[in-house]
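Remarks on the structure that follows.
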Amino acid sequence: MAHLLPLRVFLSSQTQETPSKPLKLSKRSNNHKTSISTAKKGLLSPSHKMHKLNLEVSPHRAVSAVRLMRIEFGGAFADLLNEKGKGSGDNEMGYVERTLGFRTRDLDDRDLRLVTDIVGGTIRWRRYLDHLIGSLCHDESMFRSMEPLLLQILRIGFYEIVKLNMPPYAVVDENVKLAKVALRPGAGNMVNGILRKLVLVKENNSLPLPKLEGDSRAQARALATLYSHPVWMVRRWTKYLGQEEAIQLMMWNNSDPSFSLRANAAKGITRDDLVMQLNSLKVPHEVSLHLDDFVRVKIGLQNVIRAGLLKEGLCSVQDESAGLAVSVVDPQPGEDIIDCCAAPGGKTLYMASRLRGKGKVHAIDINKGRLRILKETAKLQKVDGVVDTIHADLRTFAENSPMKSGKVLLDAPCSGLGVLSKRSDLRWNRRLEDMEQLKNLQDELLDAASTLVSSGGVLIYSTCSIDPEENNDRVEAFLVRHPEFRIDPVNRYVPSDFVTKQGFYFSDPVKHSLDGAFAARLVRTL
Ligand SMILES: C[S@@+](CC[C@H](N)C(=O)[O-])C[C@H]1O[C@@H](n2cnc3c(N)ncnc32)[C@H](O)[C@@H]1O
């Protein structure tokens with residue numbers, strides 16, 4: 001039986017904010033014992049409220065369940081939630097309390113790591129986990145009508161048992177406790193029944209998983225479940241890469257992401273300085289094989305965030321694949337570069353730092369909020385002297401502006417299919433229909449960007465996609481529409497391992513263990 005202790009907690013104004021989209025829990029009972037205990041009116045000021053503290057429910061499971069609800073139903077992004085770190089702990093508990101009706105003890109470092117692992121993993125493996133849960137329910141309708149919070153708790157339990165290999169009976173007990181306290185005793189019984197079935201089938205090596213057999217459609221459906229991706233992605237990758245490589249790509253997408261940090265030269269920080277900082281923070285790292293300013297970090301990013309290295313502008317989180325796309329631009333001190341789709345500024349800021357204080361990056365973007373972030377980060381990283389921002393739709397800007405440059409970067413809006421290992425929720429938000437719309441937009445933006453390139457100048461088209469229809473095909477279609485441009489092979493700018501037969505830059509997640517990215521250099525001959 002769970003004990004709920006009343007606790008007087010002093011909340012900051014931040015923690016009293018209501019979430020932008022309140023979460024609705026269907027079928028949640030009104031009489032469970034965990035409702036928030038508010039102070040009697042008049043006894044306490046509004047900032048001093050009474051709260052129910054539950055010391056028995058494991059904090060990382062409660063927080064994970066609520067994060068998962070926020071990502072699936074509240075429009076939050078998985079990567080943004082994971083980046084917040086410890087400082088947001090009280091805020092996070094506020095969400096837990098509003099959603100579950102009680103607080104748990106605060107998260108320690110181990111809990112935080114578990115939350116990151118469990119939330120990321122549960123989202124990635126959602127299709128696979130739901131298949132197992134559905135197979136072990138009494139019938140299809142039981143699974144289909146399951147209330148959202150109960151389903152999240154089951155997904156967490158299944159993920160912990162099947163993918164994290166945690167001690168199964170402890171997982172069962174903990175998740176049963178959570179379901180009982182957050183929902184009602186009956187929900188706990190249901191979690192108990194289904195998780196125990198899972199433990200048995202896992203022990204007998206007989207997880208009910210689909211077999212890879214039948215026609216290509218049936219095989220795509222089976223692969224989509226086994227590797228937890230949408231069926232349309234499996235079909236697309238099987239068509240372009242073949243089954244074996246498509247499987248490897250899905251395995252990469254399901255693996256824990258690694259991150260790279262770029263030392264900010266504009267603030268006088270060298271990679272050696274950054275390495276010293278990482279050593280003192282005991283963050284394991286490897287220097288980049290491809291870029292002088294970059295260091296790769298597999299675990300411990302939270303320590304870097306907490307130590308304030310990003311807040312102070314000493315370094316930024318940037319994948320080497322994006323850094324290499326900047327190498328394709330090859331910014332030189334004194335140059336004027338137009339960055340057509342610039343926000344939130346990853347490439348703008350790296351290009352700006354490579355100008356060494358001389359020249360300008362003109363950063364255009366349609367999104368005012370993201371452009372504001374770029375401007376603030378430019379100040380923080382001390383490159384604001386060489387960056388100016390232009391809030392505009394590139395298509396109208398190009399029609400009306402006399403601006404021309406010898407270097408124009410179009411880092412186009414794309415599907416992001418190259419960054420699925422970092423963006424664990426993206427695969428479930430992308431639809432096949434998006435691809436057609438994106439391709440049309442990419443063509444329009446390429447046409448617009450090309451008018452800004454001066455004679456003899458170069459247009460660099462880049463994406464963070466691995467999809468040929470967004471990459472090679474867009475360039476080929478552009479060259480048909482614009483015979484005044486020709487391909488400038490990228491051999492001089494990136495290691496040969498990243499250069500395609502056609503002379504484009506391509507970072508392949510499976511081959512290079514980086515995010516997927518693409519860039520082409522197109523020279524205006526007239
Ligand atoms: C892939 S992101 C750019 C990322 C950025 N280059 C970086 O490295 O951080 C694409 C950007 O294109 C912008 N965008 C989309 N349509 C646009 C348009 N019509 N005109 C200008 N910017 C546009 C989006 O707001 C988004 O910020």
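The values are calculated or read from the model by the stated rules, or taken from the named source; none is laboratory data. As the structure is a prediction and not an experimental result, all values here were calculated from the model. Virtual Cβ from ideal backbone geometry, glycine too; neighbours counted across all protein chains shown. Remember, those area values only see protein heavy atoms, side chains included, never the ligands or the DNA or RNA. Shrake-Rupley method; radii C 1.70, N 1.55, O 1.52, S 1.80 Å.
Restricting to helices (runs of 4 or more DSSP H) lying wholly in the stretch 425-526: which have 2 or more residues that are more than 26 Å from ASP365 (Cβ to Cβ)?
Once the helices (runs of 4 or more DSSP H) in the stretch 425-526 are filtered for at least 2 residues that are more than 26 Å from ASP365 (Cβ to Cβ), what remains is 472-481, 509-512.
Quick one: which helices (runs of 4 or more DSSP H) lie wholly within the stretch 87-180 and hold at least 1 residues that are of a type in the set (Val, Ile, Thr)?
In the stretch 87-180, 89-100, 109-124, 126-136, 148-158 are the helices (runs of 4 or more DSSP H) which contain 1 or more residues that are of a type in the set (Val, Ile, Thr).
Among the helices (runs of 4 or more DSSP H) confined wholly to the stretch 306-380, which include 2 or more residues that are more than 11 Å from the ligand (Cβ to nearest atom) and open to solvent by less than 10 Å² (accessible area, probe 1.4 Å)?
320-329, 346-354
Inside the stretch 351-397, can you point out the residues that are within 25 Å of ARG271 (Cα to Cα), out of contact with any Ser or Thr (no Cβ under 8 Å at 6 or more places or on another chain) and not aliphatic (A, V, I, L, M)?
Result: SER353, ARG354, ARG356, GLY357, LYS358, GLY359, LYS360, GLU376, LYS379, LYS382, ASP384, GLY385.
I'm checking my understanding of the structure. Among residues of the stretch 181-220 that are in a helix (DSSP H, G or I) and touching an Asp or Glu at 6+ places or on another chain (Cβ under 9 Å), which one is nearest to ALA65 (Cα to Cα)?
VAL181
Show the residue pairs that are 6+ apart or on different chains and have beta-carbon atoms under 6 Å apart, the first residue being within the stretch 339-364 and in the same structural domain as LEU324 (by TED's automatic domain parsing) and within 17 Å of LEU324 (Cβ to Cβ), the second being open to solvent by 30 Å² or more (accessible area, probe 1.4 Å) and acidic (Asp, Glu).
If the second residue must be open to solvent by 30 Å² or more (accessible area, probe 1.4 Å) and acidic (Asp, Glu), the pairs left are LYS347/ASP411.
Can you give me the number of residues within the stretch 414-439 that are touching a residue at least 60 places away in the same chain (Cβ under 8 Å) and open to solvent by 50 Å² or more (accessible area, probe 1.4 Å)?
So the answer is 5.
Here is a list of conditions, (1) out of contact with any Gly (no Cβ under 8 Å at 6 or more places or on another chain); (2) in a strand (DSSP E or B); (3) in contact (Cβ under 8 Å) with a residue 60 or more places away in the chain, and ILE390 meets all of them except one; can you say which number that is?
Just one mismatch for ILE390, condition (3).
With respect to LYS511, is the statement that it is open to solvent by 50 Å² or more (accessible area, probe 1.4 Å) and either within 26 Å of the chain's Cα centre (by Cα) or in contact (Cβ under 8 Å) with a residue 60 or more places away in the chain (or both) true?
yes
For the stretch 400-413: of the residues being touching a residue at least 12 places away in the same chain (Cβ under 8 Å) and more than 12 Å from the ligand (Cβ to nearest atom), which is farthest from SER327 (Cα to Cα)?
The residue in question is SER401.
For the stretch 228-275, which positions are crowded, with 23+ Cβ neighbours inside 10 Å and in a strand (DSSP E or B)?
Within the stretch 228-275, SER260, LEU261, ARG262, ALA263 qualify.
How about the stretch 386-399: which of its residues are within 12 Å of the ligand (Cβ to nearest atom), under 29 Å from the mean Cα position of the chain (by Cα) and not β-branched (Val, Ile, Thr)?
HIS391, ALA392, ASP393, LEU394, ARG395
Can you find, within the stretch 440-472, the residue that is surrounded by the most Cβ atoms within 10 Å (Cβ to Cβ) among those that are among the hydrophobic types (A, V, I, L, M, F, W, C) and more than 15 Å from the ligand (Cβ to nearest atom)?
Only one residue fits best here, namely VAL453.
Evaluate the stretch 226-248: report whether one residue or more is farther than 24 Å from ASP434 by Cβ, in contact with a Cys (Cβ under 6 Å, 6 or more places away or on another chain) and at pLDDT 95 or above.
Looking through the stretch 226-248, none of the residues is farther than 24 Å from ASP434 by Cβ, in contact with a Cys (Cβ under 6 Å, 6 or more places away or on another chain) and at pLDDT 95 or above.
Do we find a residue being at pLDDT 95 or above and under 30 Å from THR116 (Cβ atoms) anywhere in the stretch 470-485?
Yes, the stretch 470-485 has at least one match.
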